[in-house]
1. Residue check: is Gly2 surrounded by fewer than 16 Cβ atoms within 10 Å (Cβ to Cβ) and at positive phi?
2. Inspect region 69-81 for any residue being outside any loop (DSSP other than H, G, I, E, B), in contact with an Asp or Glu (Cβ under 8 Å, 6 or more places away or on another chain) and buried (at least 16 other Cβ atoms within 10 Å of the Cβ) and give the result as yes or no.
3. Of the residues that sit in region 37-63 and are of a type in the set (A, V, I, L, M, F, W, C) and in a helix (DSSP H, G or I), which one is surrounded by the fewest Cβ atoms within 10 Å (Cβ to Cβ)?
4. Which of (1) surrounded by fewer than 17 Cβ atoms within 10 Å (Cβ to Cβ); (2) out of contact with any helix residue (DSSP H, G or I) (no Cβ under 6 Å at 6 or more places or on another chain) is the odd one out, the single condition Phe17 does not satisfy?
5. Pick from region 20-35 the residues that are touching a Lys or Arg at 6+ places or on another chain (Cβ under 9 Å) and either over 14 Å from Tyr68 (Cβ atoms) or hydroxyl-bearing (Ser, Thr, Tyr) (or both): which of them is surrounded by the fewest Cβ atoms within 10 Å (Cβ to Cβ)?
6. For region 7-58, how many residues are free of Cβ contacts under 8 Å to residues at least 24 places away in the same chain and of a type in the set (Ser, Thr, Tyr)?
7. Ile85 - would you say it is under 16 Å from Ser29 (Cα atoms), under 12 Å from the mean Cα position of the chain (by Cα) and in a helix (DSSP H, G or I)?
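Please treat every number below as a calculation from the coordinates, not as lab data. Everything numeric in this text was worked out from a predicted model, so none of it was measured. A quick note on method: Cβ atoms are made from the backbone with ideal geometry, for glycine too, and the neighbour counts reach across all protein chains shown.
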Amino acid sequence: MGNFAENLAQLADVAEFSKLELFDAAGNSAAVIENKPGSQGSLRVYRHLAEKWGSINAEAAHEGLALYAEHTGDARQNPGKHPNIDRLFEIIGSGTAYSAHLTRV
């Protein structure tokens with residue numbers, strides 16, 4: 001895989017979506033990634049992972065960390081700076097899985 005920008009260029013566009021919401025096993029909303037500057041890349045990554053894996057699970061999280069490329073190392077060194085990457089570390093560590101729901105604009 002390339003750098004983050006190169007990886008994003010290979011993923012589907014998200015212009016038609018306003019957000020992606022993650023739900024835990026009990027159906028509670030766990031996170032929202034909005035289609036706005038600063039989170040559009042994460043929306044593209046999480047959309048890809050949800051469509052490929054059917055949920056955001058440990059396998060999806062490993063792929064997500066690879067897609068985030070150089071940002072993954074920065075997130076490791078600076079917890080809290082990249083919450084959408086931090087969530088992938090948490091999923092791998094805990095085995096938690098989240099269902100994802102995309103909302104169209």
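1. In short, no.
2. There is at least one residue in region 69-81 that is outside any loop (DSSP other than H, G, I, E, B), in contact with an Asp or Glu (Cβ under 8 Å, 6 or more places away or on another chain) and buried (at least 16 other Cβ atoms within 10 Å of the Cβ).
3. Step by step, filter region 37-63, then rank; the result is Ala58.
4. (1)
5. Ranking the qualifying residues of region 20-35, first place goes to Val32.
6. Qualifying residue count for the region: 1.
7. Spelling it out, it is not the case that Ile85 is under 16 Å from Ser29 (Cα atoms), under 12 Å from the mean Cα position of the chain (by Cα) and in a helix (DSSP H, G or I).
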